[in-house]
Amino acid sequence: AAASTRVFVHLRGDSSPALPKAACGFACAMARPAPMALAFALFFLAGVHAADVAAEAWADDEVDATCASGAHAAECELSLRQLRAQKKDDSAALQISGRLASEKRQDQSAHSDEVHIVFTTDCKPYQQWEAELLFMSAQRVGQRGPITAIISGCSEERKEHIATRIASLGLPAQYTPFFVPKFNDNRSHVINKPRGVHAWFRAAGPQRDVMAVVDPDFVFLRPLTAIIDAAPALGTWSATPPTRVKKGVMVSQRWAMIANSPESDRPWVPSRGWTGLPNVTDAELLTWICSGSYTGKSACSNITEREATLYHSTGPPYIAHKADWDEWLVDAWNDITNRLHQVYDGYFVDMYGWVLAPMHHRTREVVVHNLQFFHHRTYDVDVVKGDPCKDPIDDVLASPELAYFIHYCHNFDSWNKNWFNREARGLNVFEKCNATEDDIHLQHFLSHPVNITEHSDTVNKRQTFYFCIARRMFAAGFVRSCPASPASDRFRQIADGLTL
């Protein structure tokens, strides 16, 4: 626009017969101190492309002819040449812009099945070794896409320590921490999950179209993507089951969290574990928890046991499209859990808050059985090949039907995550590289090998897989972090070829 103005301000309409009338009209208007000059200028500049006043159409001799006369011939010629050069630059810029747009589309296509995975921890060392083990296991299976540890309640000194520690592990650059304020309180030490995810989402947000929330005590067995590779765990879907997470399609793990009656059409009523409102009926309280009003409308209080079982009795991972997270899910999960938190002291407040959020929103989840494996669920361990305690790990975990994660949340004689770092401060167990086999954090682990004889063959096989993979993963994590530790040889024996 500036170049066009310079050209035509110095022209006279009567001495420029080669120019279109639109140009002359503009030049005459700009040459006079008329009040409408700016309006004419804007009108012309908006239509200059349609008038095809293109500098590149003028050859050098035409420039000479156009600017041969007049007091400002030299300046005119210079301006016209500048205009032609400017249009060539604009054309090149458009070509570059088109190429960049194409590359962006290709990049988006390359990332189309990737998932941005997040999980929450507090700042204690107990959950920091869990976070490190999750990161290491993700790297082992080649998990693509970002993974964010949302860490709450850290001092500035502690933030620096954790960030430095994670950076030192040689992890992919997209595996990162994100620090948020303290959210846990005396009523719950898991309320930081919906609150932390909400704070991170509104401050930073996912870098992929699909986002999954997992627990810190997960280890990867195979990469997680946006593809749904299992049929719904119970019942039938009303149409062909979806094969990919997209807007309106949420996926979670089957978990008998709130109901286990797939054939019952009785009204679903949650267990009354809530306190503090004795004069409120269950239905009124549930309506308030879900909608924020005792007299509000909510699908939470109008659902059958069958629907609750088939579409809402779920646990992590929680996987949904970022549009759903943004439009309603991240706020609903946070708000509902915060209200539930006022009247419920139980350990599973975050999970109850989750199942109520899509229920209130009348959104059915695709409930599948193969997202996570833990010892007592009815996961088909027949897909596991070989001995999980000693066979090569790549052979044991080779099946494409394998669960994506082991959730090592349950504690037994052979495995107990509470053996490590239950104290509130200090180094996490993977940082204690001077520890010997007599260290209190390692004694239980090293002195309790897997020995399961009291259960049926199916349960025995399931628990053996659970314990041995959890133990081998932990041992491999310790060896990676402390390869020269006095205890590292024992841990290498337990890892038995598994490296992280």
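The values are calculated or read from the model by the stated rules, or taken from the named source; none is laboratory data. Computed from a prediction, not measured in an experiment: that's the story for all the values here. Every residue, glycine among them, receives a Cβ derived from its backbone with ideal geometry; neighbour counts consider all protein chains shown. Ligands, DNA and RNA are excluded from the accessible area calculation, which covers all protein heavy atoms including side chains. Shrake-Rupley method; radii C 1.70, N 1.55, O 1.52, S 1.80 Å.
Could you size up the charge dipole of the range 114-160 around its Cα centre, putting +1 on the beta carbon of Lys and Arg and -1 on that of Asp and Glu, and report it in debye to the nearest 20?
The calculated dipole for the range 114-160 is roughly 160 debye.
Quote to one decimal, in nm, the extra length available between His410 and Asp438 on full extension: 0.36 nm per residue of separation minus the C-alpha distance between them.
Contour length minus Cα-Cα distance gives 7.6 nm.
What does the net charge come to around Cys300 if you take all other residues with beta carbon closer than 12 Å to its beta carbon, with K and R at +1 and D and E at -1?
Net local charge, Cys300 excluded: 0.
Got a number for the accessible area of Met351? Probe 1.4 Å, square angstrom, nearest 10.
Its heavy atoms expose roughly 10 Å² to the probe.
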